[in-house]
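A quick write-up on the structure given underneath.
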Amino acid sequence: MSADERIAVVTGANRGIGREVACQLGRRGFSVVLGSRDPIAGERAAADLAGDGLAVRAQRLDVTDTGTVEALAWELADRYGRLDVLINNAAIHYDTWQRASAADLSIVAQAWDTNLMGPWRMCLALLPLLRRGQHRRIVNVSSESGSLASMGAGTPAYSVTKAALNALTRILAAELRTDGILVNAVCPGWVATDMGGPGGRPVADGAASVLWAVDLPDDGPTGGFFRDGQPLPW
Ligand code: NAP
């Protein structure tokens, strides 16, 4: 591995925005670890991207499973000895079908474990490696649904967990500022994926919104909430 090679991990990267983020990172010359809870889907996505000449490798990774998160940390330590960029992309339950006033709390708990605790778990496991990286970035893929400023009825599990992810982003950014690790929350916009459904913008545009927070200079913003490089209200 060359000293200036950059290493990135993307969670939930077997499809949707995560897969496209892995692709765009690969095109920038990153060595990309493509996290997928389904190993077969992960291998398939990584093989497609590697077939286009990108340095992409699949890793079984369920962000709700501490065992797989720790196994990833061991693998990274063994192979590279560091990490430069962490993209916390995996999320579930855009729960348009329910209301907070009649919510199924088991759905809320699943969303909480994936959308908030997943990124938190990833940060805890990978921070020792990030501290040894270069041009370090943590990008939490959030949503304007988590903005308190515009929050109204509906999508309660999703909106509450994304608001909590935004809070975690601010706290981590403040704590990691002196380490020089930039931590930002990014909304990809409404994107035509399995989660977003038809009608949204292309995945390439959603992923580009995420990559903006990777491309920031080392003295760039931290602890912010952005879409397409523009600040969003909390
Ligand atoms: P998606 O098409 O539903 O893909 C979600 C990805 O997350 C899949 O790869 C899925 O894996 C993975 N995942 C779910 N639970 C996981 C777990 N426990 N461990 C590891 N991976 C897991 O969603 P998307 O539209 O690409 O969304 C990506 C991100 O953008 C999410 O954070 C989402 O909240 C955010 N976002 C999306 C939109 C939109 O319009 N699409 C708008 C705002 C924000 P499986 O294939 O195994 O299910």
- Can you give me the number of residues within region 156-190 that are more than 14 Å from the ligand (Cβ to nearest atom) and surrounded by fewer than 20 Cβ atoms within 10 Å (Cβ to Cβ)? 9
- Of the listed residues (R121, R137), the one being basic (K, R), more than 11 Å from the ligand (Cβ to nearest atom), within 14 Å of the chain's Cα centre (by Cα) and under 17 Å from I87 (Cα atoms) is R137
- All positions within region 52-76 that are over 19 Å from the mean Cα position of the chain (by Cα) and open to solvent by 60 Å² or more (accessible area, probe 1.4 Å): D52, G53, W74
- Note on the structure: Filtering region 196-234 down to residues that are open to solvent by 30 Å² or more (accessible area, probe 1.4 Å) and part of a helix (DSSP H, G or I) yields V203, A204, D205, A208, W212, D215
- Task: Please enumerate the residues belonging to region 158-175 that are among the aliphatic types (A, V, I, L, M) and over 18 Å from the mean Cα position of the chain (by Cα).
- Result: A174
- Message: Quick check on region 10-49: of everything there that is near the ligand (Cβ under 10 Å from one of its atoms) and assigned to a loop (DSSP other than H, G, I, E, B), which residue is surrounded by the fewest Cβ atoms within 10 Å (Cβ to Cβ)?
- Response: D38
- Message: Where the second residue is away from the ligand (no atom under 16 Å from the Cβ) and at pLDDT below 95 and the first is farther than 9 Å from A8 by Cβ and lies in region 26-38, which pairs have Cβ atoms under 8 Å and are six or more apart or on separate chains?
- Response: G29/E5
- Message: Can you tell me which of (1) open to solvent by 30 Å² or more (accessible area, probe 1.4 Å); (2) at pLDDT 95 or above; (3) aliphatic (A, V, I, L, M) is the one M1 doesn't meet?
- Response: (2)
- Message: For the structure I just gave you, tell me whether T68 is in a loop (DSSP other than H, G, I, E, B) and either basic (K, R) or out of contact with any helix residue (DSSP H, G or I) (no Cβ under 6 Å at 6 or more places or on another chain) (or both).
- Response: no
- Pull up region 77-108, narrow it to residues that are within 21 Å of G26 (Cβ to Cβ) and assigned to a loop (DSSP other than H, G, I, E, B), then point me to the one that is most open to solvent (accessible area, probe 1.4 Å). Y80
- Message: among the polar types (S, T, N, Q), farther than 23 Å from G133 by Cβ, within 15 Å of the ligand (Cβ to nearest atom) and open to solvent by less than 10 Å² (accessible area, probe 1.4 Å): is that true of T193 in this structure?
- Response: no
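The values are calculated or read from the model by the stated rules, or taken from the named source; none is laboratory data. Predicted model only: the values in this text are computed from it and were never measured. Backbone-built Cβ (ideal geometry, glycine too); neighbour counts: all protein chains shown. Surface areas here come from the heavy atoms of the whole protein model, side chains and all, with no ligands, DNA or RNA. Shrake-Rupley method; radii C 1.70, N 1.55, O 1.52, S 1.80 Å.
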